[in-house]
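The values are calculated or read from the model by the stated rules, or taken from the named source; none is laboratory data. Quantities reported herein were computed from a predicted structural model and do not represent experimental measurements. Backbone-built Cβ (ideal geometry, glycine too); neighbour counts: all protein chains shown. Quick note on the areas: whole protein, heavy atoms, side chains included, nothing else; ligands and nucleic acids left out. Shrake-Rupley method; radii C 1.70, N 1.55, O 1.52, S 1.80 Å.
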Amino acid sequence: MKTIIVSNRLPVKITESDDRIELKQSEGGLATGLGSIYRQGNNMWLGWAGIEVESASKQSEIKDRLQEINLFPVFLTQEEINLYYEGFSNETLWPVFHYHPTYAHYEQSYWDSYLAVNHKFKEAVLEIAEPGDIIWIHDYQLLLLAGLIRAEQPDITIGFFLHIPFPSYELFRLIPWRAELLENMLGADLIGFHTFDDARHFISSITRILPVHASANQINYNDRQVIVEAFPMGIDEKKYESLTHDPIVLDNVAKLKENFHDLKMILSIDRLDYSKGILQRLQAYDILLQKNPEYFERVVLYMIVVPSRDTVPQYKELRDEIDKLVGNINSRYRTLDWNPIHYYYRSFETEMLSALYNMAEICLVTPMRDGMNLVSKEYVASRTDNTGVLILSEMAGAAKELIDAIIVNPNNVGELYRAMIEAINMPVEEQLRRMVPMREVVAKFNVRHWVKIYMDRLEEVKQLQASMQAKHVGAATMTYLEDQYRQANKRLIFLDYDGTLVGFKSNINQAFPDDDLYEILDELISEPMNDVVIVSGRNHETLEDWFGHLKIDIIAEHGAWQKHKDGEWTKLPGLNDQWKQDLLPMLETYVDRTPGSFIEEKSYSLVWHYRKVEEGLGELRANELMSNMRFLTDDKSLQMMGGNKVIEIKNFEVNKGKVASWLDKDHYDYILALGDDHTDEDMFKALPADAYTIKIGSNISAARFYMRDYREVRKLLRTLAAKEEV
């Protein structure tokens, strides 16, 4: 078994010099974090080689060199780089995912290339993947890859991690190929994000765009459980701590102190991108100097912008704006001995960055939207004397962890300005109070921890899938249930109605029994050893109309009414319905506010249905209703339960656990119970441990087994009811 890491780029930079191949290790956070995995044993890292290589012999040479260090290249043409990477990845996905939809381009040629390149990555993965391998796919350039691999290797273990934000449903739905992206992301077993908000947005998009159901963070898709969770990525904090003692770093620090000895340094490091909030922080710095001339020759903004895609119009325009604003501020405020901004449009070596982290009293990290932002963590890890102030955007994933930073809204230039004033004047004691807990967080939740908890969770997900698959009533379980049925002398069969014996209908009055169902029930009750009980939330009049002519027992309205096959309807003693008049008006306000919802009144319960309501709105109103009515129901000793597109309010005494009283009628050596709703959990829990309890539509249940839908239920009942050949 091996782990195959897959990302758009390999963790090395490949260059050709004098017809020789040269490899240089990448300094990126992902390369550092996953280095410990791909270098072990026969593990591999697969990705684009970073350069266009046309000659087959040169490709073979690069492949051989890379395989020596456990790397496996994918070769892309210049056209693929232009359309798949620069096109769909960076001109369609990047702007939408970073909340700049007006910058997005939806070109069919971009999508076609994106699909083709993801297929190329799939072929490369399958070339080296073997049964039992783990495949860990990274980032937005490969959103289709998990699904493409899953289609050819259904049992393989696949993890996916997105390193940028996932947008809200309203933005994600703008992408024309939204369904295809989501379907293929669900090819993974575990989908990881940096923050809970990203995971929540993903689940919201999944449930509203695809016909899938999510229970908390578990999505059931194609009979597989997919788990969605947040795993905040860390850094190699030991590397940044040890760099503070590096001779090159110490030399750089000495030179910086010589140049900026009397100045408080505010450090800003970003890649050129409209999502980084560079213009807003320059505007805030401008206000700082404009309103506080006493800071002249006391502070300096050391700003590094790493070049990126500056041939693209939006990026070129942004660079021009930065140049103009920096020039404007410097020209207005500089003196003979002082430049307010030291601006560098280039990348820096790690040793120089480490020196700057050590030197800067303030670090300004204010992206408009960012997945995690590791610069903030690198700054904290480098502050070994526990001083320094971090100003951090609330829109960066790191803000969820580094809560002792000065957290700002990057759109609020005034707030940014006030944060700078606070940081400049912060006493050392306050700096220590903030920095010490942040350093503890960065040290504890480092990149090794991130890798470990992700891989551990992926293993748990595979175990969950295996256990859930074992719970499914497949051919072997069906045979087992039938064998036990044939050997039994006395059988008791509990059957829920809606969602179990019939499919789920948007109109509750259309879910009446059909001829096929009547035929199955007739065959079951024709066997003298069988007692059949319908257990439903339906009102007793309806159930009497449908099943009163059959020799079966009926429990209606979740146990409020009962009828034995040879008797009359009886109700639970001590129930009252006086509370309805107090709760009905509130439920009616929710009907007025929620088009498609309606109230069903039963003898001792009220049911608010939202099966016809627009997806998303129904769930929103249901949560709101339960929250607002909780105090009323508690006060009146009522029970409020959420079910399948319903909320039911009833007396506490009323629940399907009352089925336990049926066990006293006779000595049963075969008990079968089937149900699809939350209310059926009471029934499953009330029955003996050796009863054959089956949940329909979900495997998250107290039941021993599960089935997918009412069709599987009917198949099982038909099999059991079939007469044995003599």
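Here are the numbers:
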quantity	calculated
Helix 515-525 axis, angle to the chain major axis (alpha carbon atoms, nearest 10°)	60
HN-Hα J in Hz across segment 124-135 - Karplus 6.51, -1.76, 1.60, θ = phi - 60°, x for Gly and Pro	5, 5, 5, 5, 10, 7, 10, x, x, 6, 10, 10
Long-range HN-HN contacts of LEU492 with modeled amide H, under 5 Å	ASP531, TYR670, ILE671, LEU672
The chain, dipole about Cα centre (Lys/Arg Cβ +1, Asp/Glu Cβ -1), debye to the nearest 20	1080
Packing rank of 230-237, 411-418, 563-570, where each peptide gets the mean count of other beta carbons within 10 Å, highest leading	230-237, 411-418, 563-570
SER55/LYS238 FRET efficiency (R0 51 Å; Cβ-Cβ; nearest 0.05)	0.75
Inter-site label distance for ASP385 and LEU632 at 7 Å from Cα along Cβ, in nm	6.3
Within the chain, helix-based [θ] at 222 nm, where runs of 4 or more DSSP H residues each add -39,500 (n - 2.57), nearest 500	-12500 deg cm²/dmol
Binned Cα-Cα distance frequencies in segment 656-726 - 5 Å width, integer %	3, 16, 24, 22, 19, 10, 4, 1, 0
GLU527-ALA476 FRET efficiency (beta carbon distance; Förster radius 22 Å; 0.05 resolution)	0.35
In Hz, Karplus ³J(HN,Hα) per residue of segment 93-103 (6.51, -1.76, 1.60; θ = phi - 60°; x = Gly, Pro)	5, 4, x, 5, 5, 9, 6, 10, x, 5, 8
Net lengthening on full extension, ASP545/GLU79 (0.36 nm per residue, minus Cα-Cα)	160.9 nm
Surface per residue (accessible, 1.4 Å probe) for segment 663-726, Å²	48
Per-residue HN-Hα couplings for segment 304-310 [Karplus 6.51, -1.76, 1.60; θ = phi - 60°; Hz; x = Gly/Pro]	10, 10, 7, x, 6, 6, 6
Antiparallel bridges, percent of DSSP beta bridges restricted to the chain (to nearest 5)	35
GluC sites (Glu not before Pro) within segment 1-79, DSSP loop, no more than 11 other Cβ atoms inside 10 Å	GLU54, GLU68
Solvent exposure of segment 318-391 as accessible area per residue, Å², 1.4 Å probe	37
Relative contact order (%) - criterion: Cα under 8 Å, at least six apart; region: the chain	8
Where segment 26-156 is the region considered: accessible area per residue in Å², 1.4 Å probe	40
Surface share of carbon and sulfur [accessible, 1.4 angstrom probe, percent] for the chain	49
Whole-Å distance, taken between Cα centres, linking segment 414-448 and segment 565-619	53
Translational diffusion of segment 424-531, µm² s⁻¹ [Kirkwood Rh, Cα pairs; Stokes-Einstein; 37 °C; 0.692 mPa s]	159
ASP155/PHE652 FRET efficiency (R0 60 Å; Cβ-Cβ; nearest 0.05)	0.85
Cα-centred dipole magnitude for segment 299-378, charges only on beta-carbon of K, R (+1) and D, E (-1), debye, nearest 20	220
Virtual spin-label span in nm between HIS245 and LEU584, 7 Å along Cα→Cβ	7.9
